[in-house]
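Novice: First the structure, then my questions, so here it is.
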Amino acid sequence: MQKKDIFEENKELQSSLFLAQSYQDAWADYGRSLKKERFARWDYVVLTASNEEQVEGFREQIKLRNDEGFLPIQTKFLILPDPEGKRVGSGGATLNVLRAIAEEENSGDFSEKRILVIHSGGDSKRVPQYSALGKLFSPVPHKLKDGRTSTLFDEFMAEMSGVAGRIREGMVLLSGDVLLLFNSLQIDFPGRGAAAVSFKENVETGKNHGVFLMGEDGNVKKFLHKQTTETLRKQGAVNQHDAVDIDTGMVIFSTEMLNSLYSIISSDGIFDAEKYETYVNERVRLSLYGDFLYPLASDSTLKAFYEEKPEGDFCQELTEARKVVWELLRPYRMKLLRLSPAKFLHFGTTREVLKLMTEDYKKYQLLGWENQVNSSLKSSDKIAALNSVRSVNAECGEDCYLEVSYVHPGSKIGNRVMLSYIDIHGETIPDEVVLHGLKQRDDQFVVRIYGIHDNPKAAITENGCPFLTGTLEEFMSKNNIREEELWDEEEVKTLWTAKLYPVCKNISEAVKAALNIYNLMNGTGDIETWRQSERTSLCSGFVQASPKALIDWQTRMHELVKMDSLEKVIREGGTLKDAEGLLQKSDL
């Protein structure tokens, strides 16, 4: 091995050990925040959601943790949907956060408040299995000391627990689908203007995110959002190691800047409903990153600001709003905080989740992450599982991931399959599919089936819209299905909105109906049974889902895992100590 390779290997190991220790320190800090009265903690933690249905799911999750004492009682938790369920943009959602806190405090002054905002208002279209409870509460392959399975939310709370002590006041904003691993002692915010948190990442990764270009004064000179590698190189954003300062989604706003932002929707410090409705709506759709960060970069110009790609469409109302934002925020600058070492995980697509659980978890084993968490499978089983049971006489292929699911005897699961919130009784599941179960508010069931590489956001006009083993266009053609059978008039024709999935009386019938869709894609299904059924889409299915039923199923599966584990201990001649170990619970 060459000296350079040994150096790089040692450097990577040291980085991993540093992050592992920082991770343990973060969880220790979080434990102290639950118990020590004088420990620095957030005054507010605010979660944004896309609509009231998602808010319901978030509230159930927060209540569950509050009831068990897993959240600091001194912190107020607010869960805010986009107004009237209309998409107002991440910037509009940020203004809505300021409105809510001003209402709570009966003041438009945000001084002496530590506020953590996690923007999590998306529909999770590319990971539909997480839409109902929200991607923010999607599981992470980490078993907590108290026996719970961790989620993105739990990881955020731990990682950010140390940051509260690093800022005297202000707001920290995060993207709800990016988990940042770092040491909070690296955060050094002077309390003026804003700060963007970044670290060095390969340009090929950076081109799919935002990239910061730092000036000689340590402030952000340019903010380059999703630019090509050629553009990034031309702008001087790529260093000699082919790395860029990547946008992690974490930014910090000072209280002075918060007060300026609040003036967009207030008059003399008092909330102004008319101004609020002017700037917080689905037509303007202000962006946190495109509209609130861009004016802070020193090389930005008003002319170029008007031309920045918006979250929605260009319109006169947006131009007028940008003029106001520019005048208010242009006096501020944004410091670039470079973290080293640091990593981030993006929970963006089903394929990324499957890869993390079956393969990439190995990169994070020093953090205590495993491919089998709260499951009764043997470590020798080459299956990723979380809060799941696979019966002895059930077969599973390679690179499978079982999530809050029970695979009963006689079942045959193919390769690269993801099962989520499902009960399988002897069925055969084909390769490379997701099977996801939902109980609806009317006590009926829907099981959604789609390919692990499918993009539900894709329109039918985009390469026919990949679906299972072909395209959605081919599915329609093979079975003589008309567009009006899948979409309402003038509805955007995507996999996300296609009414494909039959609503059934029980989970068993719903699984059968989902597999019939797969067979229809391959020319062997029962089209008449499908056609005569009441059907729902990926979108409407999550809107009609019961968050409480999903959480109840999580709890039930946790019990079933313990029961199955105990049964295996007895069957294999285990000891009483082995059995006791399954039931022990520790504090954080």
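The values are calculated or read from the model by the stated rules, or taken from the named source; none is laboratory data. Computed from a predicted model, the values in this text were never measured in an experiment. Virtual Cβ from ideal backbone geometry, glycine too; neighbours counted across all protein chains shown. These area figures cover heavy atoms from the full protein model, side chains too; ligands, DNA and RNA do not enter into them. Shrake-Rupley method; radii C 1.70, N 1.55, O 1.52, S 1.80 Å.
Novice: What number goes with the only condition from (1) open to solvent by less than 10 Å² (accessible area, probe 1.4 Å); (2) within 19 Å of Leu288 (Cα to Cα); (3) not in a loop (DSSP other than H, G, I, E, B) that Leu80 does not pass?
Specialist: (1) is the only condition that Leu80 fails.
Novice: Further question on the same structure: Residues of segment 207-219 being within 13 Å of Thr248 (Cβ to Cβ) and either touching a helix residue (DSSP H, G or I) at 6+ places or on another chain (Cβ under 7 Å) or in a strand (DSSP E or B) (or both), which ones?
Specialist: Those that are within 13 Å of Thr248 (Cβ to Cβ) and either touching a helix residue (DSSP H, G or I) at 6+ places or on another chain (Cβ under 7 Å) or in a strand (DSSP E or B) (or both): Gly210, Val211, Phe212.
Novice: Yes or no: segment 453-460 includes at least one residue that is more than 15 Å from Thr350 (Cβ to Cβ), modelled with pLDDT of 95 or more and of a type in the set (Val, Ile, Thr).
Specialist: Looking for residues that are more than 15 Å from Thr350 (Cβ to Cβ), modelled with pLDDT of 95 or more and of a type in the set (Val, Ile, Thr), one finds none in segment 453-460, hence no.
Novice: Residues that are surrounded by fewer than 19 Cβ atoms within 10 Å (Cβ to Cβ), more than 27 Å from the chain's Cα centre (by Cα) and without any contact (Cβ under 8 Å) to a residue 60 or more places away in the chain: does segment 276-290 have at least one?
Specialist: yes
Novice: A further question follows. Please find, among Arg441, Arg448, Arg416, the residue that is modelled with pLDDT of 95 or more and open to solvent by 70 Å² or more (accessible area, probe 1.4 Å).
Specialist: Arg416
Novice: Of the residues that make up segment 228-246, is at least one open to solvent by less than 60 Å² (accessible area, probe 1.4 Å), under 29 Å from the mean Cα position of the chain (by Cα), closer than 16 Å to Gly91 by Cα and not small (Gly, Ala, Ser)?
Specialist: Among the residues of segment 228-246, not one is open to solvent by less than 60 Å² (accessible area, probe 1.4 Å), under 29 Å from the mean Cα position of the chain (by Cα), closer than 16 Å to Gly91 by Cα and not small (Gly, Ala, Ser), which makes the answer no.
Novice: Further question on the same structure: Collect the residues in segment 306-317 that are open to solvent by less than 60 Å² (accessible area, probe 1.4 Å) and at pLDDT below 95, keeping them in residue-number order.
Specialist: Matches in segment 306-317: Glu308, Pro310, Gly312.
Novice: Also, quick follow-up: Looking only at segment 17-59, count every residue that is in contact with a strand residue (DSSP E or B) (Cβ under 9 Å, 6 or more places away or on another chain), among the hydroxyl-bearing types (Ser, Thr, Tyr) and either modelled with pLDDT of 90 or more or over 28 Å from Val543 (Cβ atoms) (or both) and tell me the total.
Specialist: So the answer is 4.
Novice: So Ser405 fits all but one of (1) touching a Lys or Arg at 6+ places or on another chain (Cβ under 7 Å); (2) open to solvent by less than 10 Å² (accessible area, probe 1.4 Å); what number is the exception?
Specialist: In the conditions (1) touching a Lys or Arg at 6+ places or on another chain (Cβ under 7 Å); (2) open to solvent by less than 10 Å² (accessible area, probe 1.4 Å), Ser405 misses (1) alone.
Novice: Residue pairs, Cβ under 8 Å, 6 or more apart or interchain, first in segment 302-330 and farther than 11 Å from Phe292 by Cβ, second assigned to a helix (DSSP H, G or I) and open to solvent by 80 Å² or more (accessible area, probe 1.4 Å). List them.
Specialist: Leu302/Lys323
Novice: Return the residue satisfying two criteria in turn: it lies in segment 250-270 and is part of a strand (DSSP E or B), surrounded by 22 or more Cβ atoms within 10 Å (Cβ to Cβ) and not β-branched (Val, Ile, Thr), and of such residues it is nearest to the chain's Cα centre (by Cα).
Specialist: That would be Met250.
Novice: Filter segment 523-565 for residues that are small (Gly, Ala, Ser), part of a helix (DSSP H, G or I) and within 23 Å of the chain's Cα centre (by Cα) and give the result.
Specialist: Ser540, Gly541, Ala549
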